[in-house]
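Working notes for the structure below.
Just so you know, all these numbers are worked out from the coordinates, no wet-lab data involved. The shown structure was predicted, so the numbers you read here are calculated from the model rather than taken from an experiment. Positions of Cβ are generated from backbone atoms using ideal geometry, with glycine treated the same way; all protein chains shown enter the neighbour counts.
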Amino acid sequence: MPQYEPPRDHYQVLGVSRDATSDELKAAFRKLASQHHPDRNPDDPTASLRFREIATSYNVLRDPGRRAMYDRVGHVAEQSGSPFGEGGPFAGGVIDLSQLEIDGILGDLLGVFGIGKRDRGDIQRELRITLEEAAFGCEKQVTYERTAPCGPCNGTGAADGASRATCPQCEGRGRIAMARGLGPLTAERGCTRCRGMGTISVKSCASCAGNGVAVSPHTIRATLPRGVEDGASHVVPAAGNTSRVDRPAGDLLLTIRVESHPVFQRIGDDVSCRVPISFTQATLGGVVDVTTLEGVEKLRIPSGTQPGAVLRIRGKGVPHRHAAGRGDQRVEIAVEIPTSLSPSQRDAVEQLAREMGEVVVPQRRTFIDKVRALFE
Ligand SMILES: [Zn+2]
Ligand SMILES: [Zn+2]
């Protein structure tokens, strides 16, 4: 069962006195942040929590407005519904990024401060598919774990049949008035104890310990369009985590990974492959079987085809994502030179060479044959 720990005092977290100057705060933060950075403590699973706590405390105290509010009302100032909390009129404050770049941890800090993205319960997963699936579209089943409203208690957090009592924290109102303190500003926030419902159950649900949400496996079917590319994103709305029963579920964000193919390489919407042909096919021309994304095709080889030549089979590549039609299949020709010839084949090639005006060097052949004979 998760233990609730009240947040520690921000001054205590940074180890400074309540009248610390901004320079003292900064120095304390720099020291602690580099000490507790998760990269430096790979074997300590609590390091990232500690790091986050340090960053959060510093972010509150370094901002004079938020610090004053914190001094006045404590952690309530930072809770949701607070004018300084997420969604409030003074959310975030102003952050001078140049002050935060310490040992390259800027990216972590951005994450900690929620800049750019907020944790809405989104889940990120990779989805591996084959090149054929990417080309022609597919429906994939994805199973993953997510936090969802608890089944046994239907998200209420109450044990079956348990009676409910008025929430002692908000006295049944579901909302709590914020401390006054900023001139005309007053604010209310949702009661965290009863999650705005005004009542709490007398006995907690055993499955979710009264949280109303629990982790469970979930399976979805994702339909991917034809022509989808490696690295593309696919969003399944509302398939992410439900962090609180009174909040909507986040999304499942799938990053598509197209596995490497034994035959083809993808170049945009073209696919490329290498096909070996014989020395005589290259010289005289012919027809060869070529594997395509959908089976085998006949490809005509023109006479005099050079090694490395690229022939195209039109329309046998990947279907275009946003237009009709398909890319091509590029066939790179590799010419295989025979490594052993029968005596009569050798005579024929020598004959050809002489007719093409080339000088034939029979000594070499004789020498090699002599060497070979030694081992036979
Ligand atoms: Zn309440
Ligand atoms: Zn439950």
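Where the centre of each part is set by its Cα atoms, how far does segment 234-296 sit from segment 135-164, in angstrom?
32 Å
How much length, in nm to one decimal, is gained on full extension between Ser216 and Glu145, taken as 0.36 nm per residue of separation minus their Cα-Cα distance? Before the final figure, lay out the partial values.
Working: separation 71, 0.36 × 71 = 25.56 nm, distance 0.54 nm.
Result: 25.0 nm gained on full extension.
Net charge near Arg257: determine it from the other residues with C-beta under 15 Å of the C-beta of Arg257, scoring Lys and Arg +1 and Asp and Glu -1. Can you show the working numbers first?
Values: positive: Arg125, Arg128, Lys140, Arg266; negative: Glu126, Glu132, Glu133, Glu229, Asp230, Glu259.
Neighbourhood net charge equals -2.
List the residues, sorted by chain then number, that are 5 or more residues from Ile277 or on another chain and whose placed amide H is less than 5 Å from its amide H.
Under 5 Å from the amide H of Ile277: Ala334, Val335, Glu336.
Sticking with the crude label model, points 7 Å out along Cα→Cβ, report the distance from Thr283 to Val359 in nm, one decimal please.
My value for the distance between the label points is 2.1 nm.
Within 10 Å of each residue's Cβ, count the other Cβ atoms and sort Val359, Val213, Val331 from fewest upward.
Numbers: Val359 6, Val213 22, Val331 25.
Ordered from fewest to most neighbouring Cβ atoms within 10 Å, Val359, Val213, Val331 come out as Val359, Val213, Val331.
If you average 1/r over all unlike Cα pairs in segment 278-343 and invert the result, what Kirkwood radius do you get in angstrom? Could the numbers behind the result be given before it?
On the way: mean 1/r = 0.0745 Å⁻¹.
For segment 278-343, the Kirkwood estimate is 13.4 Å.
How much net charge surrounds Asp270 when only other residues with a Cβ under 11 Å from its Cβ are counted (Lys, Arg +1; Asp, Glu -1)? Write out the running numbers ahead of the final one.
Numbers: positive: Arg266, Arg312, Arg314, Lys316, Arg326, Arg330; negative: Asp269, Asp328.
Surrounding charge for Asp270 is +4.
Neighbouring Cβ atoms within 10 Å as the yardstick, rank Leu299, Leu284, Leu254, Leu374 fewest first.
Working: Leu299 19, Leu284 12, Leu254 23, Leu374 6.
With the sparsest Cβ surroundings first, the list reads Leu374, Leu284, Leu299, Leu254.
Within a Cβ distance under 13 Å of Gly295, other residues only, what is the Lys/Arg minus Asp/Glu net charge? Mind showing how you got there, number by number?
Numbers: positive: Lys298, Lys316; negative: Glu132, Asp289, Glu294, Glu297.
So the surrounding residues net to -2.
For a footprinting-style exposure proxy, rank Cys138, Cys208 by other Cβ within 10 Å, fewest first. Walk me through the numbers on the way to the answer.
Details: Cys138 17, Cys208 22.
Neighbour counts put them in this order, fewest first: Cys138, Cys208.
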